[in-house]
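Worksheet for the structure shown next.
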Amino acid sequence: MLQHILVVDDETAIADLVELYLSNEGFAVHKFYNALDALRYVESASLDLAILDVMLPDMDGFALCRRIREGGKLFPILMLTARVEDMDKITGLTLGADDYVTKPFNPLELVARVKTQLRRYTRYNQGIPAPAEPEEYDIRGLQISKAAHRCALFGEELSLTPLEFSILWHLCRRQGRVVPSEELFEAVWGEKYLDGNNTVMSHIARLREKLHEPRGQPRFIKTVWGVGYTIE
């Protein structure tokens, strides 16, 4: 089913860039350069997600976010802005935003965050149960069992902390897909991810040491710069 995304940004070049990347992923993009036109469209449209710039000429993105939520719209909202202060992020999240992307941004990261939010919204807000998944994985000699809570590399059991095990399990169950850092953080720690959080990076580094990963040439956990991590 075609998914519809609202993009509101008064910078034409950025709005066009976001539209290009989302359209290439098969999304229908509805683009506006000011808040009032976007708000009028939201009132009658069926949308799956919105990307709102904070600095708009007629109404800031925080106010637009609040108006959308007051109108009873529950679709995910991502705030897109050049402002990096933590208080701005907290304000956006308090008013009902689901994520916060800081300019300049990697378009691929933005697309990944959009997909993450859409999966979450579909599954949890519409009551669609998660598909059944295996209880263990064996990826080129890396064996991990959720039921036994054990992990082994070429038959040698690894001593992982609960957090390390959860990170590795989350990556294994999404084998072949890039997992954004924010998705990994929220899935494992159960808290909202904010930009500049290096917690995931530090735990990945320790996990790689336990997996005896060659420096610069990892066999299992690979970094997709600006997006996240993957096990192929």
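The values are calculated or read from the model by the stated rules, or taken from the named source; none is laboratory data. Quick caveat, the model's predicted, so the values are computed rather than measured. With ideal geometry, Cβ positions are generated from the backbone for all residues, glycine too; neighbour counts draw on all protein chains shown. These accessible areas exclude ligands, DNA and RNA; they are computed on the full protein's heavy atoms, side chains included. Shrake-Rupley method; radii C 1.70, N 1.55, O 1.52, S 1.80 Å.
The residues of the stretch 200-232 that are in contact with a Leu (Cβ under 9 Å, 6 or more places away or on another chain), without any contact (Cβ under 8 Å) to a residue 60 or more places away in the chain and of a type outside the set (A, V, I, L, M), listed by number, are H203, K210, H212, E213, P218, Y229, T230. Based on what the data block shows, is Y229 within 23 Å of P134 (Cβ to Cβ) and of a type outside the set (A, V, I, L, M, F, W, C)? So Y229 fits the description; yes.
Is it true that D37 is at pLDDT 90 or above and of a type in the set (D, E, K, R)? Write out each step before concluding.
Working: at pLDDT 90 or above: yes; of a type in the set (D, E, K, R): yes.
Against the criterion (at pLDDT 90 or above and of a type in the set (D, E, K, R)), D37 qualifies.
Residues that are exposed (fewer than 14 other Cβ atoms within 10 Å of the Cβ), over 22 Å from F27 (Cα atoms), at pLDDT below 85 and of a type outside the set (A, V, I, L, M) do occur in the stretch 117-128. Could you list, in sequence order, the residues of the stretch 142-163 that are open to solvent by less than 60 Å² (accessible area, probe 1.4 Å) and modelled with pLDDT of 90 or more? Result: L142, I144, S145, C151, A152, L153, L158. With respect to the conditions (1) assigned to a loop (DSSP other than H, G, I, E, B); (2) in contact with a Phe, Trp or Tyr (Cβ under 9 Å, 6 or more places away or on another chain); (3) under 23 Å from R120 (Cβ atoms), E186 lacks only one, and its number is (1).
Annotation: of all residues in the stretch 79-96 being within 22 Å of D16 (Cα to Cα) and open to solvent by 10 Å² or more (accessible area, probe 1.4 Å), the one that is modelled with the highest pLDDT is A82.
Of all residues in the stretch 11-59, those that are over 17 Å from L118 (Cβ atoms) and either open to solvent by 40 Å² or more (accessible area, probe 1.4 Å) or not in a helix (DSSP H, G or I) (or both) total 23.
Taking each residue of the stretch 133-158 that is in a loop (DSSP other than H, G, I, E, B) and looking for partners that are basic (K, R) with beta-carbon atoms closer than 6 Å, six or more apart or interchain, yields E133/R173; E135/K146; L158/K210. Say we look at the stretch 193-211 and pick out the residues that are modelled with pLDDT under 90 and in a loop (DSSP other than H, G, I, E, B); which of these is nearest to E164 (Cα to Cα)? Per the stated criteria, the residue is N198.
Conditions tested, residue by residue: (1) polar (S, T, N, Q); (2) surrounded by 21 or more Cβ atoms within 10 Å (Cβ to Cβ); (3) modelled with pLDDT of 90 or more.
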site	(1), (2), (3)
G61	no, yes, no
R69	no, no, no
K73	no, no, no
I77	no, yes, yes
